[in-house]
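**Student:** Can you read through this structure? Questions will come right after.
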Amino acid sequence: MATVSKKDLKEQEIRTMYISPALTAKGWAVPTTMREEYYFTDGRVHVVGHLHKQAEGKKADYLLFHAGKPIAVVEAKDNNHAVGAGIQQAIDYAQILDLKFAYSSNGDAFLEHDFITGKETEIKLEDFPTEAELYQRYLDSKKYTPDQQKIIETPYYVDAYSHEPRYYQRIAIDRTIEAIACGKQRVLIVMATGTGKTYTAFQIIHRLHQSGAKKKILYLADRNILIDQTMSQDFKPFKKFMTKVKSTPSGIDKIDTSYEIYMALYHQLVGKEGEPDPFTEVAPSFFDLIIVDECHRGSAKDDSAWRKVLEYFDSAAQIGLTATPKAEEGANNLDYFGEPVYTYSLLQGINDGFLAPYRVTNSYLNVDMQGWTPEDGEEDLKGQLIEQKLYQRQNFGRDLAIKLRRQIVARRITRMLHDIGRMTKTIVFCTDIEEAAEMRTLLVDLNADMCKKNPYYVTRIVGEDKEGKKQLDNFISVDEPYPTIVTTSELLSTGVDCKTCGLIVIDKEIGSMTEFKQIIGRGTRLRKDKGKWHLEILDFRNATAKFKDPAFDGDPEPPSGGHHGGGGGGTHTPPPPKSYEKYLVEGSDISIAHEVVSVLGEDGKTMKTESVTQFARKQIRRHYETLDDFINKWNEVDKKQAIMDELKENSILIDAVREKNKALKDADIFDIICHVAYDQPPLTRKERANNVKKRNYFGKYEGKAREVLEALLDKYAENGILDFEKADILEIPPFNQIGTPVKIVKLFGGPAKFEEAIRELEEQIYKAV
């Protein structure tokens, strides 16, 4: 048998024959300390019309571990590349994963990039560092004390039901543990809504508690449902030594000091004006760790209840969790907690495929754009004399309610649900509780057939409606279909975990970026198992213009000057109380003037939606500038699936293009690309197959070998070129009736000759007429 040159080996073969043995020889072992082809993101979800595709996630060729935590990444290339050809990719991945060591190899040697020293060094295959050597280098750079190292090395909580932390959760947890172990008393973690802040908090508490660093822990939130959710889900392993602080008419139950983890609402711990604060019944040193969930909602304002609690237990380490580190009007939780130890944004979550992308429909009503002015002396439907002025969009629902406008909004919501699915969990944000009640009534009337099946199909859930609030658990349950549509004003804007919410309707003015982020956050979770791949936003108030604001997904900014007092009031400042009821009028000649549908671009800003075909054309030509560039690439690759994978990574959905263009229904993927991007006339697969037959290409083959090739051509005409590349193609009819795969390959004189025949057949298929 002829010797195979190292240069002829594919990347996978280089890994198998050279890189993996070199790592294994140094003690790196699958799966404890080494993982191959390790995906650390899921891949962004792309939505076109009613179709969706998920791009391939980011994948490290090798990820090396110490004690269950990643420590180094290795990227491989084939031997036609230089040793360091993969180092930039390895560096990129190491930075994303917060690692200190990155390596590249082509099978001849390794190139090491050491983030600690900044140096790059080429090392022999046999000299790759062991796990102990690499970890010692890391420890030498950190100079931990024994006590600090004990805390930092405390493992994650793992049981039969737990899952491995996502890469960004691990970074947030590890950086927080390190900060606390090294004596930092105030820590801020910024993570987008839906990325698992509570799970992150659980692992932080577990490791600090397990190590003995923190023994009495207080977890603070501002809503009862958040406490209950946390205790029954992520914090369930703490059940034996965790308690919930309960309210009584006179304050709270006496704090039972025998527990170790205490779950409380901040307002429970603060007394009424002039009365002692219940939290003072325990000494200021009682708690040594406090976790403040959703700390953007007033937790660090000088005059807030949270601040009183935090200042009383000043000696405790305090960790703030937030999705929105900066708020408007002088409130900024960076003042109190300092710069975040880690930030994971909404855009990162969407691009990584952990959060749902969104499509925005901006619906512009003519009355909102033009305003409404009463006639002189006009009275409203309740007999009130209407103040003479121009009422604009920001007044509608607050100072003035227009019945016809409400109806137009309700009809548009119903029409969208008919389009996207009437059982789509929906939150409608209204100006106030009265508007939420009116919107509920209108939606019930417009969806009477659904309400006949279940009276809770449309439900109002607001703070003042106890009956509606009882349905909140059902709404957020992924397994309960009802309520399906919920109208609200404030209650569902923050903190409530509704994983299957697929439509958010905004018909209220959004006064702050913080509130906007929180509202959008209600629908950012992906639930592919429940068919939720993206979020629809129906916006009647142009609130989604905030997507274009640099502050929407930027890094947290320090205070702009002066003393801001910390913590971030989460919702917009409510309007001053009015001494009169809002006006109510019928309205006339109101309609939707126009609508704009936008999708989130990869830069984090919305962009006007293009047709599937326009988008594909632009993306293909960005990737292959000319027709010749594409054809050369097509001819170069061994497998056409590689081109399909490239297109998918660039959000080009060939199936969607085919679906939108009837003329391309039976076209080959090659023809679809050439037609859409370069205006070439398309051929159907059958036309291409017939052209091959007309050339009498098969005349050079006889008997069963010719029969095999003719059957392959028929398969191409039926299903396309990708069938050629299926590993089991020779095991299915009609090939399995001709013989076994081994026997078929022998008909051509062996594997090399068979591969050559297949390549020639492909060349004939794509040969110019």
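The values are calculated or read from the model by the stated rules, or taken from the named source; none is laboratory data. Here the structure is a predicted model, which is why all the values come from computation and not from measurement. Because the Cβ atoms are built from the backbone with ideal geometry, glycine has one as well, and the counts that use them run over all protein chains shown. Surface areas here come from the heavy atoms of the whole protein model, side chains and all, with no ligands, DNA or RNA. Shrake-Rupley method; radii C 1.70, N 1.55, O 1.52, S 1.80 Å.
**Student:** Note down the nm distance, to one decimal, between modelled labels 7 Å out along Cα→Cβ at Thr117 and at Lys184.
**Tutor:** Going from the Thr117 label point to the Lys184 one covers 2.7 nm.
**Student:** Taking Lys150 as the anchor, which lysines have their alpha carbon closer than 28 Å to its alpha carbon, excluding any fewer than eight residues away along the same chain?
**Tutor:** Lys26, Lys69, Lys100, Lys142, Lys184, Lys197, Lys214, Lys215, Lys216, Lys236, Lys239, Lys240
**Student:** Let me check something: with ligands and nucleic acids excluded, how do Lys6, Lys143 order by accessible area (1.4 Å probe), largest to smallest?
**Tutor:** The ranking, largest first, comes out as Lys143, Lys6.
**Student:** Please list, or write none, the lysines whose alpha carbon is within less than 20 Å of the alpha carbon of Lys508, excluding same-chain residues fewer than 8 places away.
**Tutor:** Those lysines meeting the cut-off are Lys403, Lys425, Lys517, Lys546, Lys548, Lys578, Lys582.
**Student:** On to the next question. Where does each of 628-639, 687-698, 663-674 land if you order them by average Cβ count within 10 Å, highest first?
**Tutor:** 663-674, 687-698, 628-639
**Student:** Restricting to bridges with both residues inside the chain, how much of the DSSP beta-bridge set is antiparallel, in percent to the nearest 5?
**Tutor:** 45
**Student:** Still on this structure, please answer the following. Within a Cβ distance under 13 Å of Lys254, other residues only, what is the Lys/Arg minus Asp/Glu net charge?
**Tutor:** -2
**Student:** Please get the size of the charge dipole for segment 399-450, origin at its Cα centre, with Cβ charges of +1 on Lys and Arg and -1 on Asp and Glu, quoted in debye to the nearest 20.
**Tutor:** 260
**Student:** Looking at segment 139-249, what % of the alpha carbon pairs are farther apart than 17 Å?
**Tutor:** The calculated P(r) of segment 139-249 puts 58 percent of pairs beyond 17 Å.
**Student:** Please name whichever of Pro129, Gln95, Ile116 sits farthest to the positive end of the charge dipole of segment 84-135, dipole taken about the Cα centre and charges placed at Cβ: Lys and Arg +1, Asp and Glu -1.
**Tutor:** In segment 84-135, that residue is Gln95.
**Student:** Tell me, what % of the accessible area of the chain is carbon and sulfur with a 1.4 angstrom probe?
**Tutor:** 49
**Student:** Also: Rounded to the nearest Å, what's the spacing between the alpha carbon centres of segment 704-769 and segment 1-80? Just the number, please.
**Tutor:** 31
**Student:** Just the accessible area for Cys182, please: 1.4 Å probe, Å², rounded to the nearest 10?
**Tutor:** 70
**Student:** Using a probe radius of 1.4 Å on heavy atoms only, what accessible surface per residue do you get for the chain? Whole Å² is fine.
**Tutor:** 46
**Student:** Would you work out the relative contact order for segment 389-526, in percent, from Cα pairs under 8 angstrom that are 6 or more residues apart?
**Tutor:** Relative CO of segment 389-526 lands at 28 percent.
**Student:** Could you size up the charge dipole of the chain around its Cα centre, putting +1 on the beta carbon of Lys and Arg and -1 on that of Asp and Glu, and report it in debye to the nearest 20?
**Tutor:** The dipole of the chain has a size of about 1520 debye.
**Student:** Could you give the distance between the Cα centres of segment 410-476 and segment 197-229, to the whole Å?
**Tutor:** If you average the Cα positions of each part, the centres end up 34 Å apart.
**Student:** Which ³J(HN,Hα) values, rounded to whole Hz and listed in residue order, are derived for segment 235-247 from phi using the Karplus coefficients 6.51, -1.76 and 1.60 in 6.51 cos²θ - 1.76 cosθ + 1.60 with θ = phi - 60°, glycine and proline given as x?
**Tutor:** 8, 4, x, 8, 3, 6, 10, 10, 9, 9, 6, 9, 7
**Student:** Which one of Pro733, Phe748, Ile721 has its Cα pushed farthest toward the positive end of the charge dipole of segment 715-769, where Lys and Arg give +1 and Asp and Glu give -1 at the Cβ?
**Tutor:** Phe748
**Student:** Which values of log₁₀ I(q)/I(0), to two decimal places, follow from the Debye formula for segment 1-111 at q = 0.12, 0.18, 0.23 Å⁻¹ with a uniform point scatterer at every Cα?
**Tutor:** -0.47, -0.89, -1.25
**Student:** Keeping all protein chains in the complex and leaving out DNA, RNA and ligands, what accessible area do you get for Ser285 with a 1.4 Å probe, in Å² to the nearest 10?
**Tutor:** 90
**Student:** Specify which residue in the list Gly699, Tyr167, Ala677 is farthest towards the positive end of the charge dipole of the chain, using unit charges on the beta carbon of Lys, Arg (+1) and Asp, Glu (-1), about the Cα centre.
**Tutor:** The one lying farthest along the dipole's positive direction is Gly699.
**Student:** Provide the packing ranking of 390-402, 699-711, i.e. peptides ordered by the mean count of other C-beta atoms within 10 Å per residue, highest first.
**Tutor:** Order by mean packing, descending: 390-402, 699-711.
**Student:** Ordering Tyr157, Tyr583 from largest to smallest accessible area (1.4 angstrom probe), what's the sequence?
**Tutor:** Tyr157, Tyr583
**Student:** Given a Förster distance of 45 Å, report the FRET efficiency between Thr441 and Asp723 from their Cβ-Cβ distance, rounded to the nearest 0.05.
**Tutor:** 0.20
**Student:** So what J values fall out for segment 426-439 if you push phi through Karplus, 6.51 cos²θ - 1.76 cosθ + 1.60 with θ = phi - 60°, rounded to Hz, Gly and Pro as x?
**Tutor:** Whole-Hz 3J(HN,Hα) from phi for segment 426-439: 9, 10, 10, 8, 10, 4, 8, 5, 5, 5, 4, 5, 5, 5.
**Student:** Run the 1.4 Å probe and let me know the accessible area of Arg759, rounded to the nearest 10 Å².
**Tutor:** Result for Arg759: roughly 130 Å² accessible.
**Student:** Right, something else. Counting helices only, and only those DSSP H runs with n ≥ 4, report the 222 nm mean residue ellipticity of the chain as the sum of -39,500 (n - 2.57) divided by its residues, in deg cm²/dmol to the nearest 500.
**Tutor:** -9500 deg cm²/dmol
**Student:** Let me ask something else. Under a point-charge model restricted to the Cβ atoms of Lys and Arg (+1) and Asp and Glu (-1), what is the dipole moment magnitude of segment 107-203 relative to its Cα centre, in debye to the nearest 20?
**Tutor:** Dipole size: approximately 820 debye.
**Student:** Quick one: give the max-minus-min coordinate of the C-alpha atoms of the chain along each principal axis, largest first, in Å.
**Tutor:** Its Cα atoms span 98, 74, 47 Å along the three principal axes.
**Student:** State, to one decimal in nm, how far the label point of Glu763 lies from the label point of Glu379, with both points 7 Å from Cα in the Cβ direction.
**Tutor:** Here the answer is 9.3 nm between the modelled labels.
**Student:** Further question: Order Ser477, Ser104, Ser258, most accessible first, counting only protein heavy atoms with a 1.4 angstrom probe.
**Tutor:** Ser258, Ser477, Ser104
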